[in-house]
Each structure stands twice: as C-alpha cells, then as structure tokens.
Amino acid sequence: MLLGELKAYEGRAAAEAGQGKDPVNEPMIRHWCEALGDTNPAYTGPEAIAPPTMLQAWTMGGLSGHSARSAAYEELFALLDGAGFTSVVATDCEQEYLRPLRPGDAITFDAVIESVSGQKTTKLGTGHFVTTRMDVQSNGEPAGTHRFRILKYAPARREPKPEQKQKQKSKGQRPRPVINRDNAGFWAGVDRHQLLIQRCTACRTLRFPWLPGCNACGSDQWDTVEASGEGTVYSYVVMHHPPFPAFDPPYAVGLVELAEGVRMISNVVGVAPDEVRIGMPVRAEFRQVDAELVLPVFRPTTAVSDALSGAGRTADVGSATEAGGVA
C-alpha cells in the first residue's frame, strides 16, 4: 500500500516558478574556479561564461531553504518519514547543458518528482530512491537539466565486531585514507616518507590533490616531482567539536601552500593550536600513526618554534596535537 501512495507523487511538481537567489555572477565563478583549481580562460574576461558544472549552484536555496518547493514534495517526504525512512543520503546526479550561462543571466527553474523506486535494501539500510528533475531556464530560455537522486532510508543496525568493540574501548583507530587507482602513488610515496606532486608531462603544470587528468590542458599523461616539504600556512581552523575517536581536540588543521605552489590539507603539530598563524613557515614530517598507517603532517620551522618559546609560549602541546593527522 505504501508503494502505491508513493508512486502517486510521480509526475507532480517538486518546485514551481523557482528563482535563483542571485543572477549568474563573476564572484561566484571566481570562487568556484579557485576552489577547483580550474584555470580555463573561458571563465574569465569580458566574454566569460560560467563553468557548466555550476548549473546547480545558481538554483540552490542555501541555509534559508527553497521558497519554491511544492506541497506535493513536502507531503512525499512526510510520508516517507512517517513510514520510518527518516535518514537521507544523496546518491547521484545527472546534468545536461543546453546553453552557456553568462554573468548577469537571471535563473529560473521548475522541478518535478520524476520517480520513486520500490523498497530497496542497501548497506546503509532499507528505503526508497527518489529522483527529481529540475529544468533550468536562463532569461526565460532553456539552459539545462539537473536530475538529483536521494535515498530515504531506515538505517541498518550493525553489531560491531569483537575487535571493533575493543578498539572502541580504547582511544580508537585513526580513520584510513581512501586510496584508489588515482591517488595510490601519493600514498605509496608517503609510506616511503616522500611527498609526491603530480606534474602534467604535456604542459608541466603541477597539481594536488592527485587527479586522472590535467585541469590546465586536459592531458592524461603525468609524472611526479618530490616536494621539498617546505611551505607556509595559507589558512587554518582549530577543531574543538565534535570529539571523535582517535582525535583529541583542540587541534589545528591547516591548508598549507607548498614551496612548489600547490596546497594540501593536514594537521599543524608541534605548536599550540592557538599559536598557528596564516603565513607561518612549516615543514612536512611523516608520522607513524600505528603499525599500518603513516601520515604527512606539518610542523613550524625551528626558527618559528624558537621564537614562540622565547616569547614564553608553549611550543609543543603534546597529546593535543599527537591526535592530529591528515584531515
């Protein structure tokens, strides 16, 4: 009976006459390109266009939410919540681009509940996949289509294995990095206490994190260079909450700009978290976290540490940073 009720919402509007909260604009394009390291010249200058993959960015509701969301959409999700499918996870999206978007374009959109699946069981739990399709217009003309699929589910209950229970009683194991065929070379270098940066063999552009292709020229051919390990703190945060097994807040997580010009995220250790500063010179070191895991971290250079000690400040916070590692 529930599936029949859910299926009745297919084809009904999820949003009607929605309006982007801002027109397509240069600052958002710049922030997007800087965050992704995308230097394509098509996205700058008087004839600039927006990166096509920003399609959803112009329609997002932000923290204040969507004002155009339909009653049918709210009813569907209330029905799923009432049936116990209270958790949600985004699973995938598909986009189709019909025309380039340019600064100043006014964005409008309509959305429809395209499909609701039968009950499915996944490792996360049991629930239903809900797919919505958003049709995006620019100045009243079709600009693209965005399909977004989520899983509304009831979380599966899992009993921890005996060895996991033992680890939970102790401080906890450090989370493992996700290693795949694209970044395995980086982690192999870390195991050898080398900090390796990808270099495009076509245009010689350095890139980090590791990617299958070059953002600058699109080539899929690359080699590596070993970083000196020298860098400066470009930005940082001090983590106080939430507490997490194997981490002992407060600890500093820094975005470090290496001498070679690329940036990476890791912990700043060997100095009190409240002493970390933007522009602080640091040097990479490799920390053996446990029998299987080595992580690169960054420590202020000797001159900085001596200066802090001379000012009567703590240069080593012991257990507060011993819990640190690659964020």
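The Rg/Rh ratio for region 12-86, using Cα coordinates for both the radius of gyration and the Kirkwood hydrodynamic radius, is 1.15. Binned at 20 Å from 0, what are the whole-percent values of the Cα-Cα distance distribution for the chain, short to long? Percent of pairs per bin, in order: 23, 47, 29, 1. Look at the dipole of the chain built from charges on Cβ: of Phe186, Val130, Leu295, the Cα furthest out on the positive end belongs to Leu295.
For region 167-243 versus region 61-79, the spacing of their alpha-carbon centroids is 38 Å.
Taking 0.36 nm per residue of separation and subtracting the Cα-Cα distance, full extension of the segment from Arg277 to Arg102 would add 59.2 nm.
The label point for Thr86 and the one for Asn139, both projected 7 Å from the Cα toward the Cβ, are 4.9 nm apart. Only protein heavy atoms count here; on that basis, with a 1.4 Å probe, Glu34 has an accessible area of about 120 Å². Cysteines in the chain that lack a partner Cβ within the 4.7 Å cut-off: Cys33, Cys93. Taking Ala227, Ala35, Ala15 as the candidate residues, the one with maximal mean-square fluctuation in a Gaussian network model of the chain, Cα springs under 10 Å, is Ala35. Solvent-accessible surface of the chain, taken per residue with a 1.4 Å probe and all protein chains present: 55 Å². The dipole here belongs to region 31-124: it is taken about the Cα centre, uses +1 on the Cβ of Lys and Arg and -1 on the Cβ of Asp and Glu, and is about 140 debye.
Let's see if you can work this out: charge +1 on each Lys and Arg Cβ, -1 on each Asp and Glu Cβ, no other charges. What is the dipole magnitude of the chain about its Cα centre, in debye to the nearest 20?
960
Calculated from DSSP H runs of 4 or more alone, at -39500 (n - 2.57) each and per residue, what is the 222 nm mean residue ellipticity of the chain, nearest 500? If you can, show how the numbers build up before the last one.
Working: 7 runs with 58 residues, N = 327.
It lands at -5000 deg cm²/dmol.
Go through His240, His128, His66 and list them by solvent-accessible area, largest first, probe radius 1.4 Å.
Sorted by accessible area, descending: His240, His66, His128.
Only Lys, Arg, Asp and Glu carry charge here, each on its Cβ (+1 for the first two, -1 for the last two); on that basis region 111-262 has a dipole of about 1060 debye about its Cα centre. Taking every C-alpha pair closer than 8 Å and separated by at least 6 residues, the mean separation divided by the residue count of the chain gives a relative contact order of 13 percent.
The values are calculated or read from the model by the stated rules, or taken from the named source; none is laboratory data. Computed from a predicted model, the values in this text were never measured in an experiment. In this analysis, Cβ positions are derived from the backbone assuming ideal geometry, glycine residues included, and neighbour counts consider all displayed protein chains. Quick note on the areas: whole protein, heavy atoms, side chains included, nothing else; ligands and nucleic acids left out. Shrake-Rupley method; radii C 1.70, N 1.55, O 1.52, S 1.80 Å.
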